[in-house]
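The values are calculated or read from the model by the stated rules, or taken from the named source; none is laboratory data. In this text, all values refer to a predicted model and were calculated from it rather than measured experimentally. A quick note on method: Cβ atoms are made from the backbone with ideal geometry, for glycine too, and the neighbour counts reach across all protein chains shown. Side chains included, ligands, DNA and RNA excluded: accessible areas come from the protein's heavy atoms. Shrake-Rupley method; radii C 1.70, N 1.55, O 1.52, S 1.80 Å.
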Amino acid sequence: MDFNGTWKVYSEENLEDFLKVVGVPEKVVKMRKEVKPVIVIEQKGKDFTYTMKTPVFTKVHSFSIGKETEITTLDGKKIKCIMREDDGKLIAETDKFTTVREIQGEDMVETVTAGSVTFISRSKRV
């Protein structure tokens, strides 16, 4: 699995519904809908640094496959999860949602499910 690089989000499906389901405040939902983030992933073996950049904020998460980590949500809440790798996919499960990130052809696809709502983000390497 090669997630290394800089990725530009070009498509997002169900973003607003997902953010509302996980309890993100309305002002953050409105702000986030207006931007397509750039994501920078640095991978060294099982260690990753994931940076999401927008004109309004930059969020950085570091994690290692198989170890518990704490991430900060868009609205500033801290949650714990364990990242795992399964068949070339990066999977994170929290008590609110499950994220699956994978490479499909030239795209990085992130599928996030919270209850009955699924958010899909597609990015191209730049």
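Quick look at the values:
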read-out	value
Matching residues in the stretch 2-26 - criterion: being on the phi > 0 side of the Ramachandran plot and surrounded by fewer than 14 Cβ atoms within 10 Å (Cβ to Cβ)	G23
Those residues of the stretch 18-43 which are among the acidic types (D, E) and within 29 Å of I65 (Cα to Cα), in sequence order	E42
Candidate set from the stretch 46-57 (those that are within 13 Å of the chain's Cα centre (by Cα) and among the β-branched types (V, I, T)); member that is most open to solvent (accessible area, probe 1.4 Å)	T49
Residue within the stretch 35-44 that is in contact with a helix residue (DSSP H, G or I) (Cβ under 8 Å, 6 or more places away or on another chain) and over 18 Å from L90 (Cα atoms) present	no
Residue among K53, K20 that is in contact with a Pro (Cβ under 7 Å, 6 or more places away or on another chain) and either over 19 Å from T94 (Cα atoms) or of a type in the set (K, R) (or both)	K53
Verdict on I71 being touching a residue at least 24 places away in the same chain (Cβ under 8 Å), closer than 20 Å to K89 by Cα and touching a strand residue (DSSP E or B) at 6+ places or on another chain (Cβ under 7 Å)	no
Residue check for K96: in contact with a Ser or Thr (Cβ under 9 Å, 6 or more places away or on another chain) and open to solvent by 50 Å² or more (accessible area, probe 1.4 Å)	yes
Single residue of F18, F57, F48 found to be at pLDDT 90 or above and closer than 25 Å to V126 by Cα	F48
Some residue of the stretch 12-21 being in contact with an Asp or Glu (Cβ under 9 Å, 6 or more places away or on another chain) and farther than 27 Å from E106 by Cα	yes
Residue count, the stretch 34-45 (criterion: more than 18 Å from R122 (Cβ to Cβ), open to solvent by less than 80 Å² (accessible area, probe 1.4 Å) and touching a residue at least 12 places away in the same chain (Cβ under 8 Å))	1
Residue check for D75: over 16 Å from the mean Cα position of the chain (by Cα) and among the acidic types (D, E)	no
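Listed here are the residues, each with its yes/no results for (1) at pLDDT below 95; (2) among the small types (G, A, S); (3) at negative phi; (4) touching a Leu at 6+ places or on another chain (Cβ under 6 Å).
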position: K77; (1), (2), (3), (4): yes, no, yes, no
position: C81; (1), (2), (3), (4): yes, no, yes, no
position: T94; (1), (2), (3), (4): yes, no, yes, no
position: T99; (1), (2), (3), (4): yes, no, yes, no
position: E102; (1), (2), (3), (4): no, no, yes, no
position: V109; (1), (2), (3), (4): no, no, yes, no
position: S116; (1), (2), (3), (4): yes, yes, yes, no
position: I120; (1), (2), (3), (4): no, no, yes, no
position: S123; (1), (2), (3), (4): no, yes, yes, no
